[in-house]
Amino acid sequence: MMHDAEDARAAMPVIEPSPAAHTYADRRAFLDDPRRKSPWLAAILSAMPGLGQVYVGYYQQGFVNALVVGGLIAVIAGEMIDSDLMGVVGFLLAFFWLFNVIDAARRASLYNQALSGLRPMDLPEDGKAPRHAGSLAGGLALIAAGLVLFGHTMFGMSLAWVGQWWPMAVVGGGAWLVYEDWRGRQGQ
């Protein structure tokens, strides 16, 4: 039993502090680095969903978070679903909103660790707007949603079916993720 614990400790990777953490001047330079991000400020800014992620430099994640929270609020305010599901959507909204706050603070902390050399990771480029790249799934989802809403506003098409069929959007999203994973594995 004793040998198993020693073997487990020997197999664990040793995390060496970065060379930048060895001298006082290097630590002072890190603390004075204007690129450092405040995890507390990121969390506070995330009271407006996505703003904390944008502050840290993760623009795309920030915009996605804002769209998710806005979409859930629209579903609740527009009463697009049955009252039976309203509690579930409200719970998802509260969970995602709090996740958004925690995620912003965590991203700021990881960003600072990467700046100090403690954690190897790619940092977002300072001040750069997100790259302009398309998304087939996102584009198709927006087209479908736009057509449904256009049919409702222009032709009085009932949206009652949305309350019954909205889980298929979750199934479609899951199928897309499985397909992307499969495609990635085929590329390797």
May I ask you to sort F155, F95 by Cβ crowding, counting other Cβ atoms within 10 Å and putting the fewest first? F155, F95
When W161, W166 are arranged by how many other beta-carbons sit within 10 Å of their Cβ, fewest first, they go W161, W166
Taking a ≥ b ≥ c as the square roots of the Cα gyration tensor eigenvalues, with a/c under 1.5 meaning rounded and otherwise prolate when a/b beats b/c or oblate if not, the range 141-188 comes out oblate
Packing-based exposure ordering (other Cβ within 10 Å, fewest first) of L41, L147, L136: L136, L147, L41
Any idea how far apart R183 and W166 come out in nm if each label point goes 7 Å out from Cα toward Cβ? 2.8
What's the extension gain from A175 to A94 if we count 0.36 nm per residue and subtract their Cα-Cα distance? 26.6 nm
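Read-outs throughout are calculated quantities, based only on the coordinates presented, and are distinct from any laboratory measurement. Just so it is clear, the structure is predicted and the values come from calculations on it, not from any experiment. Don't worry about glycine lacking a Cβ; one is built from the backbone with ideal geometry, like all the others, and counts go over all protein chains shown.
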